[in-house]
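Only one structure is covered here, and it is reproduced in the block below.
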Amino acid sequence: MALFQVIKYDGPDQMLIWKYPKSDMSTGSRLVVGPAQSALFVRGGIICDVLGPGSYVLSTANLPILSRLINLPFGGKSPFSAEVIFVNRLDVLDIKWGTARHIQLRDPVCRVLIPLRAFGRFGVRVTDPRRFLERLAGTAKNWTTQDLTDCFRGVVSSRIVEALSKYLLEEEICFLEANAHLSSIGEGVSCALEPFFVEYGIQLIDFRISSVNVPEGDQSVRKLREVLDRRHEMDVLRFSYQQDRSFDVLEAAAQNLGEGGNAAGFQMGAAFGPALSGLVRDAVRTAEQRPGCTGCGSALSPGGAFCPKCGRPVSGRTSYCTKCGAELQPGNRFCGKCGQAVPLERE
């Protein structure tokens, strides 16, 4: 016959699930549930009752579902059989994750396939003991933090890579510049992973990305760096990608005319000549670094002899036609290219 007893957690540290060794007990026994713990009563593979932190005298009042299953008389000291499983809801920190090998992903900025690896860590906390026991631990008598880590490491790493690539694509962050945005990337990936952990009664806490790296010797990485360097150069020179491409088209057209020399080539050159020349002229105007006023630094209008802001005389500077942008020689009264009259310089 079951005796009155004190039922409490007596397992080792770092234990998430611990089963009380005895299953025979009686109403009137005392149950002690420590802080950040839950006690679950299981009978026939069914979780009947869940009790949180506190001290309880077992009775039909605090075990209503179990009482109905085994038909305990109200207020009696009746023996019964049930499993008591303790679930620790402590924080499990420093679970490391990482890609086992390089994964080919398309860079969201330059559209180049890049082999990518990522590393970091995260922590978890059991928030729903019933769901955690049903979905993850199953019939395991004891479950350690290491068991949890081993269970999640593989599936979480794959989901992290998926969420990471999606976030970088949506935010248009280049892989080579990802380490400068680790904090914001970590927050975005954490939000994407939270629903997955909730399914198992777990809360994701303190998710972090330590590094996102690529192999420096890889050919695609070198190609990506070249593309980025070229883009930065165009930004410095105030070129747009379309203007840079116009130079490539013009060069190819000139080469075709020089090599082919046929009528179709000349007709194509004649058709595209005005458009290409306009693009080139606009590109040159945009890229050219014209000096400002030496007195106040304001921009100077083409052909002006004095600064429109401070009136300082402009000397030793090349003048340009206000209509076509052609360079004007000193003393010219008219543009030699389009015939536009040159404003007289004020004395």
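Only a single criterion out of (1) part of a helix (DSSP H, G or I); (2) in contact with a Gly (Cβ under 9 Å, 6 or more places away or on another chain) is not satisfied by residue 118, namely (1). Picking from residues in segment 12-54 that are under 40 Å from the mean Cα position of the chain (by Cα) and in a loop (DSSP other than H, G, I, E, B), the one that is nearest to residue 82 (Cα to Cα) is 52. Looking for something charged (D, E, K, R), open to solvent by less than 80 Å² (accessible area, probe 1.4 Å) and modelled with pLDDT under 85 - is there at least one such residue anywhere in segment 196-212? Checked segment 196-212: no residue is charged (D, E, K, R), open to solvent by less than 80 Å² (accessible area, probe 1.4 Å) and modelled with pLDDT under 85. Pairs linking a residue in segment 173-201 that is in a loop (DSSP other than H, G, I, E, B) to a residue that is open to solvent by 20 Å² or more (accessible area, probe 1.4 Å), with Cβ atoms under 6 Å and 6 or more positions apart or on different chains, are 173/181; 174/109; 200/135; 200/136; 201/128; 201/131. Could you please find all residues in segment 53-67 being under 12 Å from residue 26 (Cα atoms) and open to solvent by 30 Å² or more (accessible area, probe 1.4 Å)? 57, 59, listed by residue number. When the residues of segment 334-347 are filtered to those that are open to solvent by 100 Å² or more (accessible area, probe 1.4 Å) and out of contact with any strand residue (DSSP E or B) (no Cβ under 7 Å at 6 or more places or on another chain), the one that is modelled with the lowest pLDDT is 347. For segment 65-81, the count of residues that are under 30 Å from residue 163 (Cβ atoms) and assigned to a loop (DSSP other than H, G, I, E, B) is zero.
The values are calculated or read from the model by the stated rules, or taken from the named source; none is laboratory data. Note that the structure is predicted; figures quoted are calculated from it, not measured. Ideal geometry is used to build each Cβ from the backbone, glycine not excepted, and the neighbour counts take in all protein chains shown. What goes into the accessible areas is simple: the full protein's heavy atoms, side chains included, and nothing from ligands, DNA or RNA. Shrake-Rupley method; radii C 1.70, N 1.55, O 1.52, S 1.80 Å.
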